[in-house]
Amino acid sequence: MMEVDLLLPQLRFIQATERETLYSGAFGAGKTRAVCLKLMSRVAGRPAAREGLCRKHLVSLKATTLRTLLEPDGNLPPVLPAGTYTHNKSEKVIRVNGGGSIYYFGVGDSEDYTKLGSLNLSGCAIDEAVELSEQDWTMLRGRIRLAIDDLPIQLYGACNPGPPSHFLAVRFGLAGGHKPAPNTAAY
């Protein structure tokens, strides 16, 4: 695996083991890269790992998050270096050499949404999590049930700060007066 310089909140998010974790911050905080690095750390060397990668809409995922995962970004290399994976674009699956698989989709896209009910994932990465509804979040949490030794079952996401009334702000205790839900952590 490549050596990467991380901000302390990125490192804490990547290493977190709570059932649900969230990395929230302003522009330029490296949220998308942190989600992709956490995703990669979960599939690398674990052939049985089956991770999801999503945004509300697939077109947004392809234009942003998937590029961070698979393409250089200025001076930054792709999170998954060329030659370390195979990518089946029609099935929307990336298989990491010597590791697990990444299934990517749009949560709000009708074509993908009907297939989500049968997913059995070890974890799921969500970029721009504030785009999701509470129903979307709950549905994804129910898809994460594939137990793998030494890999916590986990729903993890990144987002720009949303309004204090947003369900994620309440769920993760980011809004004043709210305690975080059990087994959650926000960075």
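Where a number appears in this text, it was derived from the coordinates with a stated rule and is not lab data. Predicted model, so just to flag it, every value in this text is computed and none were measured. Glycine also receives a Cβ, built like all others from the backbone with ideal geometry; neighbour counts cover every protein chain displayed.
For a test of the definition: using alpha carbon positions, the gyration tensor, and the 1.5 limit on a/c, classify segment 57-187 as rounded, prolate or oblate. Here segment 57-187 falls in the prolate category. At full extension, Glu91 and Arg12 could sit 25.2 nm farther apart than now, given 0.36 nm per residue minus the alpha carbon distance.
Arranged from highest to lowest average of other beta-carbon atoms within 10 Å per residue, in what order do the peptides 80-87, 94-101 appear? Please report the intermediate quantities before stating the final value.
Numbers: 80-87: 14.6, 94-101: 18.9.
The densest-packed peptide leads the list: 94-101, 80-87.
Applying the criteria of a DSSP loop state and at most 16 other Cβ atoms within 10 Å to the chymotrypsin sites (Phe, Trp or Tyr not before Pro) of segment 1-73 yields Phe27. Using Cβ point charges alone (K and R +1, D and E -1), the dipole size of the chain about the Cα centre works out to roughly 220 debye.
Over segment 74-187, what is the mean sequence separation of C-alpha contacts under 8 Å (at least six apart), divided by residue count, expressed as relative contact order in percent?
Values: 127 pairs, mean separation 18.2, N = 114.
This gives 16 percent for segment 74-187.
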